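Asker: Provided herewith is a single structure, encoded as structure tokens, for subsequent inquiry.
Every number here is computed from the coordinates shown, using simple stated rules; none is lab data. Just so it is clear, the model here is predicted, and its values are computed rather than measured. Using ideal geometry, Cβ is built from the backbone for each residue, glycine included, and neighbour counts are taken over all protein chains shown.
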Amino acid sequence: MLLTERLALHAASLTASERALAQDLQQHYPDGLLDSASAIAARSGTSASTVVRLFAKLGYASLAEVRREARSEVTVLLQTPAQRTLATIGRARSLAECVDDALLHDQHNLHTTRQGLDMAVFGAVATAISRCEGRVFVMAEKNSMPVSSYLATHLNMCRPNVQELGAGAPFAVDRLLWIEPRDLLLVFTIRRYSNGAVLAAQQFRAQGCTVLAITDSAAAPIVACAQHSLLVGTANASPFDSYTAAFFLCNALVSAVAQLRHDEVAQTLRRRDALWTGFEADAVDGLRRMPAPRRER
């Protein structure tokens, strides 16, 4: 629950000083939570101990957790790293706080992603990927490219014909020349949303292909273009989006596809091991054949 919901739930049990503090927190929510306990106390006419006591009563583990919520609520409306800078790093923090804030944000991202996961949709996405009779194209742009590469690499060991669609108009357009109705597009896009992802999805849909999306909001433009969409949390303690939950969801998808194709995956991985053994043997043999370096006299 957010702070405003917690305050409403505990309203009857608050003391007079806590009610004054609660009123101030609601009035300055969420920006005011980014201040220190002393600053909040001075602003509300209470004490730092009252601030700490109230947050504990509301179920927060620490002031760092309160700040994590505040940063998430502030930054959800801010589109660019530059706009998020003040909310995330504009106030003094120790290096230990930076580490703890990052941990709290990613724990929150993982929890909200899992709690919000519609298992029927997840199952439909995993089934579509595992049963696709054509090619599975994976697409992400800009800072999201590592997610695309990671997912494509591991899906490629679970099924044939997995390709990255690629970033940048020329490369993507060349691939789009040859798509067929039996192909599938899995696109990852988060704010600031890329027009390229939407245009590619529209082209796939126009050709009768299946389009699947992983994004950070039900209001993302890609959702209207996809048959199924999965949502991930991306809040962070820095001005930049976190991809921890995105990788978690990718891991879950790969695991599900491997489970649905368990016999084929087992055979594929045995062939892969044999290939690796051959490559390693060739590499060792090549090293043995190399002439020994001359010693200078």
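Asker: Percentage of Cα-Cα pair distances in the range 117-265 greater than 26 Å, rounded to whole percent?
Answerer: Working: 1846 of 11026 pairs.
Considering the range 117-265, 17 percent of its Cα-Cα pairs are separated by more than 26 Å.
Asker: Something else: Top mean-square fluctuation among Phe247, Phe279, Phe122, Gaussian network model of the chain, C-alpha springs under 10 Å?
Answerer: Result: Phe279 has the largest fluctuation of those listed.
Asker: Between Val173 and Ala8, what FRET efficiency follows from the Cβ-Cβ distance if R0 is 45 Å, with the result rounded to 0.05? Write down the numbers at each step before the final one.
Answerer: Numbers: r = 52 Å, r/R0 = 1.16.
After rounding to 0.05, the efficiency reads 0.30.
Asker: Between Glu264 and Ala224, what length comes free when the chain is fully extended (0.36 nm per residue of separation minus the Cα-Cα distance, one decimal in nm)?
Answerer: Values: separation 40, 0.36 × 40 = 14.40 nm, distance 3.34 nm.
Gain on extension, Glu264 to Ala224, equals 11.1 nm.
Asker: In the Gaussian network model of the chain, springs joining C-alpha atoms below 10 Å, which of Ala70, Ala37, Ala120 carries the largest mean-square fluctuation?
Answerer: Answer for the Gaussian network model of the chain: Ala120.
Asker: While we're looking at this one, here's another question. Modelled label-to-label distance, Ala16 and Arg182, 7 Å Cα→beta-carbon offset: nm?
Answerer: 7.8 nm
Asker: Oh, and also: Just checking my list (1) 59, 48, 31; (2) 76, 61, 31; (3) 79, 70, 37 against Cα extents along the principal axes in Å computed from this structure; which label fits?
Answerer: Calculated Cα extents along the principal axes in Å: the matching label is (3).
Asker: Using 0.36 nm per residue, how much length does the chain from His111 to Ser38 gain when fully extended, once their Cα-Cα distance is taken away? Don't skip to the answer; put the middle values down first.
Answerer: Numbers: separation 73, 0.36 × 73 = 26.28 nm, distance 3.03 nm.
Working it through step by step, the gained length comes to 23.3 nm.
Asker: Sticking with this structure for a sec: Treating only the Cβ atoms of Lys and Arg (+1) and Asp and Glu (-1) as charged, compute the dipole magnitude of the range 151-220 about its Cα centre; round to the nearest 20 debye. All intermediate terms of the calculation are to be shown ahead of the outcome.
Answerer: On the way: 6 positive and 5 negative charges, 26 e Å.
Value, rounded to 20: 120 debye.
Asker: Show log10 I(q)/I(0) for the range 3-78 at q = 0.20 Å⁻¹, two decimals, from a solvent-free Debye sum over equal Cα scatterers.
Answerer: Listed by q, the Debye log ratios stand at -0.79.
Asker: Going by average Cβ neighbours within 10 Å, how do the peptides 6-19, 205-218 rank, with the highest at the top?
Answerer: Ranked by mean Cβ neighbours within 10 Å, highest first: 205-218, 6-19.
Asker: So what is the relative contact order of the chain, in percent, for Cα pairs below 8 Å that sit 6 or more residues apart? Write out the running numbers ahead of the final one.
Answerer: Numbers: 389 pairs, mean separation 51.7, N = 297.
Over the chain, the number comes to 17 percent.
Asker: Relative to the present Cα-Cα distance, how much length would full extension add between Cys98 and Leu275 at 0.36 nm per residue of separation?
Answerer: On the way: separation 177, 0.36 × 177 = 63.72 nm, distance 4.39 nm.
That works out to 59.3 nm of additional length.
Asker: Let me ask something else about it. Where does the chain land at 222 nm, in deg cm²/dmol rounded to the nearest 500, when only DSSP H runs of n ≥ 4 count, each adding -39500 (n - 2.57), divided by all residues? If you can, show how the numbers build up before the last one.
Answerer: Numbers: 13 runs with 169 residues, N = 297.
Counting only the DSSP helices, I get -18000 deg cm²/dmol.
Asker: So if I take the centroid of the Cα atoms in the range 113-132 and the same for the range 1-77, what is the distance between those two points in Å?
Answerer: First find each Cα centre; the distance between them is then 37 Å.
Asker: What percent do you get for the relative contact order of the range 3-78 when only Cα pairs under 8 Å and 6+ apart count? Don't jump to the answer; show the numbers that get you there.
Answerer: Working: 58 pairs, mean separation 24.2, N = 76.
Contact order relative to length: 32 percent.
Asker: Amide H of Met139 versus every other amide H placed in the peptide plane: which residues, excluding those fewer than 5 positions away on the same chain, fall under 5 Å?
Answerer: Leu165, Leu186, Val187, Phe188
Asker: About its Cα centre, what dipole magnitude does the chain give when the only charges are +1 on Lys and Arg Cβ and -1 on Asp and Glu Cβ, stated in debye to the nearest 20?
Answerer: Charge dipole of the chain: 520 debye, to the nearest 20.
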